[in-house]
Amino acid sequence: MLTFFSVVVAAIIFEYSNGFHDAANAIATVVSTRVLTPRRAIAMAAFFNLTGALLGGAVASTIGKGLVDTNVVTMSTVLCAVIAAFTWNIATWWFGLPSSSSHSLIGGLCGAALAAARGNWSVIKWNAGVWPKVVVPMIMSPLAGFIFGGLLMFLLFVTLHRFTPHFVQSLFGKLQIFSAAWMAHSHGTNDAQKTMGIITLALFTGTKAGSFDHLPGWLNFLKTPAFVLPTWVIGLCAVTMAVGTAAGGWRIIRTLGHRMVKLQPVHGFAAETTAALIIQAASYYGIPLSTTHVISTSIMGVGTVKRFSGMKWTVVERIVWAWLFTLPASGLIGYALARAVTAL
């Protein structure tokens, strides 16, 4: 029972770190274009992350039962996975790199499950889960963000070239508020679901193992004989994500909103709208997408159309390296932690 509470605490800490780590996803552009002050932007992002987190459950099901064989998963496995994800989150946040909280959690879970199975790779659901819902989207979603972000920006340029800069600035200064809100909402529908899936996996695993059989009656709500998201888990994760977002993520906001390319409201609108569309579609199909990858490449696509030479490619290179290392690094951390627990 102590292990379960440790899992919940660790998952909540991870969800909180996900909130401030990924706050930049929704508000970096709206802050850099000065459409909203940082304080108002964070408040808006926190609210719409909350509304998004309260909807759906397909992504949570993918994380909880679609990536690894649940028969080898124990409470300790889940705990190691969450700690691994949190460790990588904090490391990349410290260096201001917008890496993927989603992929760090997935990597940690796969690594810990592999260790629990004593190196038996068959416990990872490659064909049904990891390949179609993690690896392929990891490659395709950044490309989609870059291409569609650039395409939307090009279409806006063609449509708006006859209007005065003042009119365009004024119009998209208002529209960008809506695109940023939609981006925050779509982030909540995808990212908050992942921790819901992890806690539900711990509940499901604990119920199968009989860990909750001798608890007092008022704790019967912990028993989860089928993998169904409990209402209290949804509410807890949604609120935690919102609170974490409210804490902000200034290091990453500076990287996305200022260091890659100088943005104006019309560019911010194009990037946020593109990213929100892609993330919303992924959430519908239960794909645990990296919202960080999508918004980052959407900004890159928009910035390239604006002025190719204006992109700061050294910053982009650092971000890409963080992406490439996230899954293997968090997986290795999860594996090492789980092996250490097994050796005790």
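The values are calculated or read from the model by the stated rules, or taken from the named source; none is laboratory data. Not measured: the values here are computed from a predicted model. Here the Cβ is made from the backbone with ideal geometry for all residues, glycine too, and neighbour counts use every protein chain on show. The area values use the complete protein model at the heavy-atom level, side chains included, leaving out ligands, DNA and RNA. Shrake-Rupley method; radii C 1.70, N 1.55, O 1.52, S 1.80 Å.
Odds and ends about this structure:
- Across the chain, Cα pairs under 8 Å and at least six residues apart give a relative contact order of 39 percent.
- Rolling a 1.4 Å probe over the protein heavy atoms gives the chain an accessible area of 42 Å² per residue.
- Size of electric dipole in the chain: Cβ of Lys, Arg +1 and of Asp, Glu -1, about Cα centre, debye, nearest 20: 740
- Helix runs (DSSP H) in the chain reaching 15 Å along axis by Cα, Kyte-Doolittle at least -0.5: 2-32, 38-53, 75-94, 101-116, 136-160, 165-209, 231-246, 265-284, 291-306, 313-343
- Among the protein heavy atoms, those of Ser170 account for about 50 Å² of accessible surface (1.4 Å probe, every chain in place).
- Estimated FRET transfer efficiency (Phe163, Thr51; beta-carbon r; R0 35 Å; 0.05): 0.60
- Scaled radius of gyration (Cα, divided by 2.2 N^0.38 Å) that the chain gives: 0.99
- Under 29 Å between alpha carbons - lysine pairs in the chain that sit 8 or more apart or on different chains: 20
- Within the accessible area of the chain, the carbon and sulfur atoms contribute 71%, probe 1.4 Å, all protein chains present.
- Extension gain from Ile90 to Ala343, taking 0.36 nm per residue of separation minus the Cα-Cα distance: 88.4 nm
- Using the Cβ-Cβ distance between Ala209 and Val9 with R0 set to 25 Å, the FRET efficiency works out to roughly 0.80.
- Distance histogram in 5 Å bins (all Cα pairs of the stretch 51-150, percent per bin): 2, 12, 19, 20, 21, 15, 7, 2, 1, 0
- Model label sites at Ala43 and Lys223, defined 7 Å from Cα along the beta-carbon direction, differ in position by 4.6 nm.
- Normalised by the number of residues in the stretch 1-136, the mean separation of alpha-carbon contacts (under 8 Å, six or more apart) gives a relative contact order of 30 percent.
- Between Trp131 and Leu151, the contour length at 0.36 nm per residue exceeds the Cα-Cα span by 4.4 nm.
- Per-residue extension of 0.36 nm, minus the Cα-Cα distance of Leu332 and Asn120, leaves a gain of 74.8 nm for this segment.
- Trypsin sites (Lys or Arg not before Pro) within the stretch 101-156, DSSP loop, no more than 12 other Cβ atoms inside 10 Å: Arg118
- Between Asn71 and Tyr284, the distance separating the two model label sites (each 7 Å from Cα on the Cα→Cβ line) works out to 3.6 nm.
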